[in-house]
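Asks: One structure follows; several queries about it will come next.
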Amino acid sequence: MAATHTGVRLESVHSSVPEIVASAKLTVETRGEGIVEITREAAQFLTKVHAGDGVLLAYVRHTSASLTIQENADPDVRVDLITALRRLAPEDAGWVHDVEGPDDMPAHVKTMLTGVSLHVPVATGKLALGTWQGIYLIEHRARPHAREVILQFLGSRREE
């Protein structure tokens, strides 16, 4: 007999045949250390490729910047996240690798902790994010950079 869990249920199961694989490069100009929301640009990409149901993949092509899904309502969350990352990988921790400056190795550690790729479900052409969720690029270096994010949609085409 299969185990059941009170309050847990699987709903709205459906499937479709992937019809499209679409890709784009998003360039994000950062101002130095901080968090930049890219949810709007990801949604625009889905509109341009006529996305239906599928998945959005996002990948940042750098070792000192990362991607995350986080709260998009209160900007204090982003301030606190940067503070937490600074505490986890401070510049003065005695790093051996410092070729590009004191923020270089801490940036690599922060990227390792937060990750370089995301996948987000897409339903009827819309990101299936939670109410308070947004997609963000995190710049871990002190100086400004131009960061490349590869966006890719795999799924069905939206009926027009």
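Asks: Run the simple label-point estimate for Ser117 and Leu57 please: 7 Å along Cα→C-beta, distance reported in nm.
Replies: Computed distance between label sites Ser117 and Leu57 equals 0.6 nm.
Asks: Treat the count of other C-beta atoms within 10 Å as a stand-in for reagent exposure and order Thr63, Thr39, Thr27 from fewest to most. If you can, show how the numbers build up before the last one.
Replies: On the way: Thr63 13, Thr39 16, Thr27 9.
Lowest count first: Thr27, Thr63, Thr39.
Asks: Tabulate in residue order the Karplus-calculated ³J(HN,Hα) for the stretch 154-160, using 6.51 cos²θ - 1.76 cosθ + 1.60 with θ = phi - 60°, rounded to whole Hz; enter x for Gly and Pro.
Replies: After applying 6.51 cos²θ - 1.76 cosθ + 1.60, I find 10, x, 8, 7, 6, 5, 10 Hz.
Asks: Of the trypsin sites (Lys or Arg not before Pro) in the stretch 30-109, which ones lie in a loop per DSSP and count no more than 14 other C-beta atoms within 10 Å?
Replies: Working: sites: Arg31, Arg40, Lys48, Arg61, Arg78, Arg86, Arg87; in loops: Arg31, Arg61.
Within the stretch 30-109, the qualifying trypsin sites (Lys or Arg not before Pro) (loop, at most 14 other Cβ atoms within 10 Å) are Arg31, Arg61.
Asks: What list of ³J(HN,Hα) couplings, whole Hz, do you get for the stretch 46-53 from phi and the Karplus terms 6.51, -1.76, 1.60, once you set θ to phi - 60° and write x for glycine and proline?
Replies: Going residue by residue, I get 4, 5, 5, 9, 6, 5, x, 9 Hz, with x marking Gly and Pro.
Asks: Give the relative contact order (percent, whole number) for the stretch 29-157; include only Cα pairs under 8 Å separated by 6+ residues.
Replies: On the way: 247 pairs, mean separation 70.4, N = 129.
Taking the mean separation of contacting Cα pairs over the length of the stretch 29-157, I get 55 percent.
Asks: Then there is this: Would you calculate the volume per residue, in Å³, of the smallest convex hull containing every Cα atom of the stretch 1-82? List each step's numbers first, then the result.
Replies: Numbers: hull volume 17.2 nm³, N = 82.
Convex hull of Cα atoms, per residue: 210 Å³.
Asks: In whole angstrom, how long is each semi-axis of the equivalent ellipsoid of the chain, when you take the square root of 5 times every eigenvalue of its Cα gyration tensor and sort them from largest down?
Replies: Values: eigenvalues 220, 83, 39 Å².
Semi-axes, largest first: 33, 20, 14 Å.
All of the numbers you see were taken from the coordinates with simple rules; none came from a lab. Values in this document were obtained by computation on a predicted structure and should not be read as measured data. Glycine gets a Cβ as well: all are built from the backbone with ideal geometry, and neighbour counts include every protein chain shown.
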